[in-house]
Structures are given as structure tokens and as C-alpha cells.
Amino acid sequence: MNCTRAYKFRIYPDAARQEEIDERLILAQQFYNKLLEKSIQSYKNGNHKVSMAQFNRFVKEIVAEDKKFLKLYSQTRCEIEYRLMKAYQNFFRRVKEKKQGKKQEVGFPRFRSRDRYKSITYPQDNGSFSIHKGRLRVSRIGTMPIELHRTIEGKIKTLSIKKDTDKYYAIFTAITDIKIPEVENSNPVGIDLGLNSFIALSDGMKVEKPKFMQQKRKRIAIWQKRVARRDKGSKRREKAKAGLQKTYEHMTNQSDDYLHKLSKTLVTSGYTSFAVEDLQIQNMVKNHRLAGAIHNASWNRFIQLLSYKAESAGLRIEKVDARNTSKTCSNCGNIQDMPLSERIYNCQRCAMSKDRDINASINILHRATTLGQRGSHAQGENVRPQQEAVLEELRTDKTHPLRDAVIA
């Protein structure tokens, strides 16, 4: 099976190379905006078709009008065309879905500011970039040190140069052929994602996620005030924006690190498949009281990381309908109202009493097993020895990153 993976490395360009990268980022942002502007003008003139052939004509016009865009590598210009085409395709898809009754914003492609255009891409490994003796050479930019903290496996396909605040990164995508092992699905588990506890498993374990946003809240507020007080376009405002971005970047890195470790722990805990809710995050954040907490929980990011790790290990990920998983009794199927303030599910029909999140995770597993007709250990019985060993490690190893998060 062909597997595409991304490898992100820190690069250390000198002052001259930084100027070259920054200049091309600005040119790429301006090129994207000019391409969008010409496509909008073409629509107003009566041409309602959007195609790559049309974009190619626009590119020739843009380069003829201003030769500075020739500083961009030719295939980088092509990749910018594909970015805009993808934006149009997503716009048309959303228009179609809205006509079919789906409630969502259509979102026409927008012009990009410099703050929102942070990368340039070299879409082919055709000599436009290379790595030799710890240095990265990029066409029309030059060579710079690169920190290769791990080996790139497979054939390199693309390179993206990205700037985050004052740091520069090289992101490679590589394709490798991996052999996925066949695993008998003998120990599936349901996972309920929540705000009170980050995940609850159908075997009774609950894990909390550290509140990274709350830990940084005062620092973020300080930087936001500094940005608001300083004049737009001033150097002091740009410094304040950089400080705010660094704070957010540190918070994001903390969250990603935690989610990577948690997803790896689950994959190596002896489970053979994972059932999760098919959550509609865009609809959930319409509740303004919970929108910030939902965004900070990073549910989609966790499912993404868990999915690719599980699939590489030969394990399954199944998404089930999320409706009424918290309101349904996992014992008798009774559905009753459950306000968010009630953390224990007390069934009015069969008198079952169970933690609200554990009850929901069992329902999630039931829905997955109904589709696949598989057995489970939903009530927490006969847990595999390997899984017991991992849980014991989580509770006793003082150096384990998830030790303080395990609730039960």
C-alpha cells in the first residue's frame, strides 16, 4: 500500500536567504491575488467557466504586465494556480450542498493578506531542491542548514518552505510502500469525545486533556492589548503580533504533542478497532458559549492522528452517527433528556446508573458493532493483559506524559 507522509524540519537561512524567502512569499501572495482578481473580472465579463486553461492565460498576462513574478519558480506559479482552483472547487461544492438543504456558509474565495500566505511549494523533485551534508539547496533561493532529526522514508515528491513568525521550516511529502498487518478485530473500543473529560472509553477509562488555552490565557490577553494599542503598519505593532503568534504557536505545539502521545498510547494498548462519533464541528460551534472550548479541544485533530496511526498498524477506525449517544441508555435503549449539567446517566426505565461519558462511549461501540456484527468488551470485562499492562504503566510511571490525565 502506498502511503504519503509529511516530514517537517527546521531550517536556518542566513539574512540573505531570509530576504529571498520573504520576497517570494510576498510575490506568491500577490500572484494569487492577481489571479483571483482576473478570474473575477472574467466572470463579470460573461465568462462563467473556471478552468486551468483559463488560469494559464491569466498567468501569461500577469507575467507580461510585471516581470517581477518571473522570480517565482515556474512550478511554484503552477502550484498557486492549483491552490486557487481548489478554492473554487470547494466554493462550488458548498453552493451545491446549500442548494440541497445543508446549512452552511458558501464562502467565495478571498484575497489573501500577507499574514495568511505563509508558504511556497515546489511540487516536483526534479532538481529544484536537494539535500546534501546537512544543507538544503532550493532553486533561486540558495543553500541553508537543515535540522534532519529523522530519516525521510520513501521517495520525496514535494517541498514546501513555510514561515511561522520568525522561524522557517521545510516540509517534504514522501511516498513509501508499506505492508499493513492483518489484525483480527477481537477487542474493539468506543471513544466518546467531550469537554469535561477529553475522551471516555467503553471499557471504563477516562482521560483528561491539559487546559493549554487556560494556561496561556493571561499571556494571550497581554499581547492582544499590545496589538490593539499600537498603530497599524508600525514596527511596534508587528513585534506585538509576532509575540502573540509565538504564544499561540507554543500552545498549538503543546496540544499536538499531547495528542500524538495519546493516540500512540491507544494504538499500542491492545485495542483492535476504534469507534468514534462522526461529529459536525461547524454546527456545534454555533453555540457561542461552548465554541471556544470545542475549538481548543481539537477533536478533529485527535481523530486525524488516531486514524493514520491505527491504519498503519492494521487497525480500523469507524465513524458512527453521533445523535443521542448521550441520551440513550446503553443497557435498555431508552432515550431521555440529559442536560449538560447531569454527569451521571440514571435510566428512568431500567434504573441503570453510569457515568454519562462512559455510557455514551458504550453506545458508540454498540452502533459500530451493529454494523460489523462483532463482539466487544463494552462493559469492561476480560480486558486483554496487554491493555492492563499499559493502563498500569499510565498510573504508576511518574515520567509517562499521560500519567496525570488518566482518571479511571
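Only residues that are within 23 Å of N283 (Cβ to Cβ) and not aromatic (F, W, Y) were counted across region 78-108, and they come to 18. Scanning region 132-150 for residues that are under 16 Å from R17 (Cα atoms) and not in a loop (DSSP other than H, G, I, E, B) yields a count of 9. For region 368-383, the set of residues classified as more than 12 Å from I191 (Cα to Cα) and at pLDDT 50 or above consists of T369, T370, L371, G372, listed by residue number. Counting the residues of region 174-202 that are in a strand (DSSP E or B) and closer than 25 Å to W299 by Cβ gives 9. Select from region 203-233 the residues that are among the hydrophobic types (A, V, I, L, M, F, W, C) and assigned to a helix (DSSP H, G or I) and write down the one among them that is farthest from M251 (Cα to Cα). So, considering only residues that are among the hydrophobic types (A, V, I, L, M, F, W, C) and assigned to a helix (DSSP H, G or I), the one farthest from M251 (Cα to Cα) is A228. Just to check your reading of the model, which residue among E311, E342, E318 is surrounded by fewer than 18 Cβ atoms within 10 Å (Cβ to Cβ) and outside any helix (DSSP H, G or I)? Only one candidate passes the filter, namely E342.
Any residue at all in region 239-251 that is out of contact with any helix residue (DSSP H, G or I) (no Cβ under 8 Å at 6 or more places or on another chain), assigned by TED's automatic domain parsing to the domain that holds L305 and within 30 Å of S312 (Cα to Cα)? Yes, that holds for at least one residue.
Of everything listed in (1) surrounded by fewer than 19 Cβ atoms within 10 Å (Cβ to Cβ); (2) under 24 Å from the mean Cα position of the chain (by Cα); (3) at pLDDT below 90; (4) more than 30 Å from I146 (Cα to Cα), the single unmet condition for S197 is (1). Selection of region 72-115 for residues being exposed (fewer than 15 other Cβ atoms within 10 Å of the Cβ) and under 30 Å from K155 (Cα atoms) yields S74, Y82, K86, Q89, N90.
Under the condition of being assigned to a helix (DSSP H, G or I), surrounded by 15 or more Cβ atoms within 10 Å (Cβ to Cβ) and either more than 17 Å from the chain's Cα centre (by Cα) or of a type in the set (D, E) (or both), the residues counted in region 257-277 number 3.
A quick yes/no check of all residues on (1) at pLDDT below 95; (2) in a helix (DSSP H, G or I); (3) of a type in the set (F, W, Y); (4) closer than 16 Å to D166 by Cα:
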position	(1), (2), (3), (4)
R5	yes, no, no, no
P13	no, no, no, yes
E20	no, yes, no, yes
E23	no, yes, no, yes
L27	no, yes, no, no
F31	no, yes, yes, no
E37	no, yes, no, no
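When restricted to residues that are farther than 24 Å from A275 by Cα and aromatic (F, W, Y), region 337-366 contains 0. Report yes if K309 is at pLDDT 90 or above, of a type outside the set (S, T, N, Q) and more than 24 Å from H366 (Cβ to Cβ), otherwise no. Considered against the rule, which asks whether it is at pLDDT 90 or above, of a type outside the set (S, T, N, Q) and more than 24 Å from H366 (Cβ to Cβ), K309 comes out as yes.
The values are calculated or read from the model by the stated rules, or taken from the named source; none is laboratory data. No experiment lies behind these values; they were computed from the predicted model shown. Counting neighbours? That spans all protein chains shown, and the Cβs are built from the backbone with ideal geometry, glycine included.
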